[in-house]
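No lab work stands behind these numbers, since they all come straight from the coordinates. Just so it is clear, the model here is predicted, and its values are computed rather than measured. Ideal geometry is used to build each Cβ from the backbone, glycine not excepted, and the neighbour counts take in all protein chains shown.
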Amino acid sequence: MPLYVIERTFAERLELPEDVVRRIDDVNADEGVSWLFSFISADRLRTYCLYEAPSPDAIMEAARRANVPADEIVEVSKFVPAEVIGST
């Protein structure tokens, strides 16, 4: 399944209570997308999330249903460890 990085910008500092995370997971499952992990900016106003999904449209629909932004969706390729990049 394709991998995507999603950039999200929030109007206020992000706080994710456990019940909100569960709701996002439930919505994602309904849309066939899997949230793998996220990075949160130091100011807590942006996230960069890695997802597996059948398409960008599925991610957008999950974001709409979960009421979270999805500013940029970029398809990415398989992980390459830093030590591999540095050894070439």
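Treat the count of other C-beta atoms within 10 Å as a stand-in for reagent exposure and order Tyr48, Tyr4 from fewest to most.
Tyr48, Tyr4
May I ask you to compute the full-extension gain from Arg44 to Phe79, defined as 0.36 nm times their residue separation minus their alpha-carbon distance, rounded to one decimal in nm?
10.1 nm
Can you tell me the alpha carbon radius of gyration of the stretch 3-86 divided by the globular rule-of-thumb value 2.2 N^0.38 Å?
My calculation over the Cα atoms of the stretch 3-86 gives 1.12.
Given points 7 Å out from each Cα along the Cα-Cβ axis, report the Ser55 to Ala29 separation in nanometres with one decimal.
Placing both labels 7 Å beyond Cα along the Cβ direction yields 2.4 nm.
Per 0.36 nm of contour for each residue apart, how much would the distance between Asn67 and Val21 grow if the chain were fully extended, relative to their Cα-Cα spacing?
Between Asn67 and Val21, full extension yields 15.4 nm more.
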